[in-house]
1. For region 203-229, which residues satisfy the criterion of being polar (S, T, N, Q) and open to solvent by 20 Å² or more (accessible area, probe 1.4 Å)?
2. Taking the stated definitions as given, is V220 under 25 Å from V274 (Cα atoms) and at pLDDT 85 or above?
3. Output the residues belonging to region 418-432 that are part of a strand (DSSP E or B) and either free of Cβ contacts under 8 Å to residues at least 60 places away in the same chain or open to solvent by less than 30 Å² (accessible area, probe 1.4 Å) (or both).
4. Being part of a loop (DSSP other than H, G, I, E, B) and open to solvent by 20 Å² or more (accessible area, probe 1.4 Å) is the filter here; which residues of region 147-194 pass it?
5. S394 - would you say it is modelled with pLDDT of 95 or more, surrounded by fewer than 19 Cβ atoms within 10 Å (Cβ to Cβ) and either over 23 Å from Q277 (Cβ atoms) or under 23 Å from the mean Cα position of the chain (by Cα) (or both)?
6. Being in a loop (DSSP other than H, G, I, E, B) and of a type outside the set (D, E) narrows it down to one residue among G334, G329; which is it?
7. Confirm whether D246 is of a type in the set (D, E, K, R), in contact (Cβ under 8 Å) with a residue 12 or more places away in the chain and open to solvent by less than 20 Å² (accessible area, probe 1.4 Å).
8. Can you give me the number of residues within region 1-11 that are at pLDDT 75 or above and either open to solvent by 50 Å² or more (accessible area, probe 1.4 Å) or not in a helix (DSSP H, G or I) (or both)?
Amino acid sequence: MIQQNDDRLLQEYLDRSLSAEELQLFEERLCNEPDLAERLIKYASDDLVLAEWGAAREQEQAVPDEGPVLSRAARIPSRSNRTVVVSVMTSMFSVLFMLGGYFLYQFFSSTPLVSLSEGVVLSSGEPVKNFIKQTLKQGSAELHFPTGAKVLISAPASYEVTGNNSMHLQQGSFIANVPSSGIGFQVDTPHGRVIDLGTLFSVQTVEKLDTRIQVYRGKVIASLMNQSGGIQSSKQVSERHSATIDSAKNEIAEAADTNSLAEKCGILHYSESVILQENMPDTLATGKYQVFEHDGLAFVFPERMQVTLKSDLQLVAHPSEITAINRAGRITAGTTVDCYRIYYDPAEQEGTFIPVQGEIHFDRPILGVILDRKNLTQTDRLFHPLCVSDANRSFVHQGTETDTGGKDPDARYDEVAISADRRTLSFMLLSGERFVDEFRVIVQSPH
C-alpha cells in the first residue's frame, strides 16, 4: 500500500541518504509490496524522461555557435535535484518556449545530463534500434546504454533493447555493470523482471525453464510476473547471493551465497575487492577481454581442479623476490594441483593505471604463480578449461608486469606475494582501460 511519504523515501533511497534503520525497513517493503516496487521503477526513470525531453528540445531549438556542444559522456541531473528541476521546468516551460532555445541551451549546458537521444550502441559505436529482436549465434555483444550501464551478452542469445535503460532477454546470458547513474536498469525475461539498484550482476535465462540471477556487488530486485504483466511477488537479491525466478513453480528461490562456493573451491575468505566467479565465460577464456570491466575489482575463477602433473612444472614460487634464481620454483611430476585465474580489467579511466589490491586465503598451500604471458600460454594445455578437448588450441594472454630485475627504478610494477605459511595470496595490480592483468595461482589439491 502506497503511503503518504513514499515519494520522499523513494527519492532518499535513490540518493542513498536513508539511515541504516530506514534503509532496512524500506527494502523489506520493496520486497513485500509489488506496488512500491513498480513505483520505484517509474521513479528511477523520471530523470531519464526529463533528460530525454531536454535533449530533444535542445536539438530542435539550439542556436548555432552559442556555446560548447553538449558532451555525450555528460550525466543526467542528480536525483537529489529532481524535485527542484521538475518544478523549475514546469513553471518556466512557456517562457523558455517563447524565448527560443537560448535559455534552454544554457540551462542544459550548465546541468550534467546523459544525451539520451544518442540511444543504445554496441561497443563499436553502431546504434541498436529499440524493439528489434537481435539474435547472437556466436561470440558476444557489448551494449552501452546512455545511462552508463554496460551489458555484455554471450552467445547463443536472443534479446531486444526496450528503452534507454531497459532490455528484454528472451534467452541467453549476460553480465551487467550499472553505475549509480543507471539505477533502475530493467531486464525482462520470459519468467520475470530484474531491477538493478546500482550493481554488478549477471542474468542467465533458458526460455522454457527459468531465470537465474547472481549479484556480485550491490543488490537487485527480482520479480515474478503474472500473465497480465503485473508483479506477482518480489525478492531482493543482495551482494554475493543468487536467485532463480521459476515461473513453472511460481516462485523466486534464493540460492546459496558465494560463501558456500568459496568453501567448495578451497577458499576460506577473500577481500572486498575480489569477486569469486564459478565459471569463466568463454569470451574471456578465449582472450576476448572487456568482459568483466570494473575499476578496483579483481575476479578469481577456479580454472581446473584435480590436475595430476605428468612432468615437472616450472613456476614462480616466491613472486615478491626480484632475481630470477630466488623467484623460481618447481612442482614435481605426479603432484595433483588446482588452478585459479586472477583477472583485473579496469573500465573508466583511459590513459591511467588504476590499482586494485586484494587478498585470497586458501585452506591449502599455494605452490606458486604463473605471471607472464609466455608461461600462461605454455601452461594452457594443462589448466585452460577449453583445452580439455583440444590441447593444441592457443589463446591470447596479457599477463602481469612484476619487477624482475629493477631495470627502471621509476617504473611502477604489479605486485604479487605469498605469505610465509603459503596460505594467503596478496596482490596489487595496475592496469589501464585498454589492458588487463591476469595470472594463475597453483594450489595443492586436497588428498
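1. To start, the set of residues in region 203-229 that are polar (S, T, N, Q) comprises 204-205, 211, 214, 223, 226-228.
Result: Q204, Q214, N226, Q227, S228.
2. Numbers: under 25 Å from V274 (Cα atoms): yes; at pLDDT 85 or above: yes.
Considered against the rule, which asks whether it is under 25 Å from V274 (Cα atoms) and at pLDDT 85 or above, V220 comes out as yes.
3. First pass over region 418-432, keeping only residues part of a strand (DSSP E or B): 418, 424-431.
If the condition is that a residue be part of a strand (DSSP E or B) and either free of Cβ contacts under 8 Å to residues at least 60 places away in the same chain or open to solvent by less than 30 Å² (accessible area, probe 1.4 Å) (or both), then I418, T424, L425, F427, M428, L429, L430, S431 are the ones that fit.
4. Just the residues of region 147-194 that are part of a loop (DSSP other than H, G, I, E, B), to begin with: 147-149, 164-165, 178-179, 183-185, 189-191.
Of everything in region 147-194, those that are part of a loop (DSSP other than H, G, I, E, B) and open to solvent by 20 Å² or more (accessible area, probe 1.4 Å) turn out to be G148, N164, P179, P190.
5. Numbers: modelled with pLDDT of 95 or more: no; surrounded by fewer than 19 Cβ atoms within 10 Å (Cβ to Cβ): yes; either over 23 Å from Q277 (Cβ atoms) or under 23 Å from the mean Cα position of the chain (by Cα) (or both): yes.
When the stated conditions are applied, S394 does not pass them.
6. On the way: G329 fails: in a loop (DSSP other than H, G, I, E, B).
Going through G334, G329 in turn, the sole match is G334.
7. Details: of a type in the set (D, E, K, R): yes; in contact (Cβ under 8 Å) with a residue 12 or more places away in the chain: yes; open to solvent by less than 20 Å² (accessible area, probe 1.4 Å): no.
When the stated conditions are applied, D246 does not pass them.
8. Pass one, region 1-11, residues at pLDDT 75 or above: 5-10.
Then drop every residue that is not either open to solvent by 50 Å² or more (accessible area, probe 1.4 Å) or not in a helix (DSSP H, G or I) (or both), which leaves 5, 7-8.
Looking only at that region, the number is 3.
The values are calculated or read from the model by the stated rules, or taken from the named source; none is laboratory data. Computed from a prediction, not measured in an experiment: that's the story for all the values here. Methodologically, a virtual Cβ is constructed for each residue, glycine included, from the backbone with ideal geometry; neighbour enumeration extends over all protein chains shown. Accessible surface is based on the protein model in full, side chains and every heavy atom, while ligands, DNA and RNA are left aside. Shrake-Rupley method; radii C 1.70, N 1.55, O 1.52, S 1.80 Å.
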